[in-house]
Amino acid sequence: MPTRPYVLISCAMSVDGRIDDTGPDRLLLSGPADLARVDELRASCDAIVVGASTIRRDDPRLLVRDPELRVRRLATARPEHPLRVTLTGTGDLDPAARFFAAPAGARRPLVYCARPSVAVATARLGTLADVIDAGAPASVRFMLADLAVKGCDRVLVEGGATLLREVLTGGLADELRLAVAPFFVGEEGAPRFALPGRYPAGPANPMTLAEVSRLDGVVALRYLLGPGGPDTRFLRAAIELARQCPPSDTAFAVGAIVVSAAGDIMATGFSREQQPQDHAEEVALRKLDPADPRLATATLYSSLVPCGARASRPVTCVQHILAAGLPRVVFAWDEPPIFTEGGGADQLRAAGITVVELPELAGAAAGVNAHLTGPAPRPRR
Ligand SMILES: NC(=O)c1ccc[n+]([C@@H]2O[C@H](COP(=O)([O-])OP(=O)(O)OC[C@H]3O[C@@H](n4cnc5c(N)ncnc54)[C@H](OP(=O)(O)O)[C@@H]3O)[C@@H](O)[C@H]2O)c1
Ligand SMILES: [Zn+2]
């Protein structure tokens, strides 16, 4: 049982590191393209968490805006919106806040509350939300562990500054999505992104920069955090991707990421992403130009060992990898040989590919497939 979900942080800041100004209205730090990116990120998560001050100050809805993304969630057997979650010490939240509204498709929000305030918060908010005793003092760690127990595998933390500091200094984040707006706030008292603290990702242990994109004038940065170096982090991101697979009772859920030697994510894929028979690795490779010179030095990360035998299509993922000219493969889970002939890792090695197995992540990769690894039904690749 995981002790916490995969935790993503999303934050937008000005170039001088401010996440709001001191004015009465919420400062808009993103353009339409970046807002769409955040909406997609929300749609990929099971829960969205904000600190109580953000509810008081910004009055966010915390819903998925794009109807198409909501339809896609429903099609993959997920609720229309992620669960809305907040953490409070005082329980001082307005029942009229939009966080507590109950539009169609939204579930009752969760309020994790410090023990001394639970009774007050329940009296005020109990008809609108589930108020949960989060200890004395309340702890983010407890909240995340409880969300995992409640089936939230992927949680998005959207701020504000106090909550982000707790998550980041506690080593509780796996990804940081940071948008940098092309202007200065320049005000002394404006809330800043990273409040002072002891951050595990200090100069001796930097984060792994995985993506840089330009959305209108905003720069969107994606950093991977967590234990280990780039191989471990990219592989965990691939395992995480497997959660996006359309469900199947007869095939594994796998995630794959192709990363250039310079550290850029070139393409991602997950099982059944484009067609029902798709394997993650072939989807990722299909998205790339075969003439892309970066392929000759890139690494493919796959949550499951690439298939060396396959019932669903004639070309195996091993053959796709060899055809693409990739020199290196990193995987987590060696497919149980009872399901297919397997042998993918040996075939790759025999063809001169460097193959790295990180068995410490096998449990996480298999965990995404827990419904298949029992005695029946027997999955096919
Ligand atoms: N640019 C962005 O991406 C972005 C995103 C979100 C927010 N923001 C900005 O961030 C600012 C708000 O940030 P903030 O630092 O003031 O507040 P915050 O992090 O949103 O909320 C802090 C509050 O959360 C509760 N809390 C946090 N950790 C807790 C713990 N361990 N135990 C119990 N309660 C805990 C407390 O609530 P109580 O006070 O109720 O006890 C605390 O005062 C706003 O200006 C907002 O606009 C910006
Ligand atoms: Zn395959």
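Here, each number is a calculation from the coordinates, and none is a lab measurement. Keep in mind it's a predicted model, so treat the numbers as computed, not measured. Quick reminder, even Gly has a Cβ in these numbers, built from the backbone with ideal geometry, and neighbours come from all protein chains shown.
Numbers at a glance
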| item | result |
| --- | --- |
| Inter-part distance where segment 195-249 and segment 106-127 are each reduced to a Cα centre, Å | 32 |
| Sequence of Phe100, Phe184 once ranked by neighbouring C-beta atoms within 10 Å, starting from the fewest | Phe184, Phe100 |
| Of Thr86, Thr54, Thr76, the one that fluctuates the most in a GNM where the chain has Cα springs shorter than 10 Å | Thr76 |
| Diffusion constant of segment 236-334 at 10 °C, which comes from Stokes-Einstein with the Kirkwood Cα-pair radius and 1.306 mPa s, µm²/s | 121 |
| Zone of Arg192's modelled label, taken as backbone nitrogen in segment 13-39 under 17 Å from a point 7 Å along Cα→Cβ | 13-22 |
| Kirkwood hydrodynamic radius (C-alpha pairs) into Stokes-Einstein, segment 6-224, 10 °C and 1.306 mPa s, D in µm²/s | 89 |
| Burial ordering of Tyr199, Tyr112, fewest other beta-carbon atoms within 10 Å first | Tyr199, Tyr112 |
| Segment 135-180 versus segment 1-63: alpha-carbon centroid distance in Å | 12 |
| Efficiency of FRET from Cβ geometry, Thr297 and Tyr199, R₀ 25 Å, rounded to 0.05 | 0.20 |
| Rg/Rh (Cα only; Kirkwood hydrodynamic radius) as it applies to the chain | 0.99 |
| Dimensionless Rg over Rh [segment 120-265; C-alpha; Kirkwood] | 1.01 |
| Top of Ser303, Ser213, Ser260 by mean-square fluctuation, Gaussian network on the chain, Cα under 10 Å | Ser213 |
| Listed residues Glu80, Glu360, Glu273, most fluctuating in the chain (Gaussian network, C-alpha, under 10 Å) | Glu360 |
| Packing-based exposure ordering (other Cβ within 10 Å, fewest first) of Tyr301, Tyr223 | Tyr223, Tyr301 |
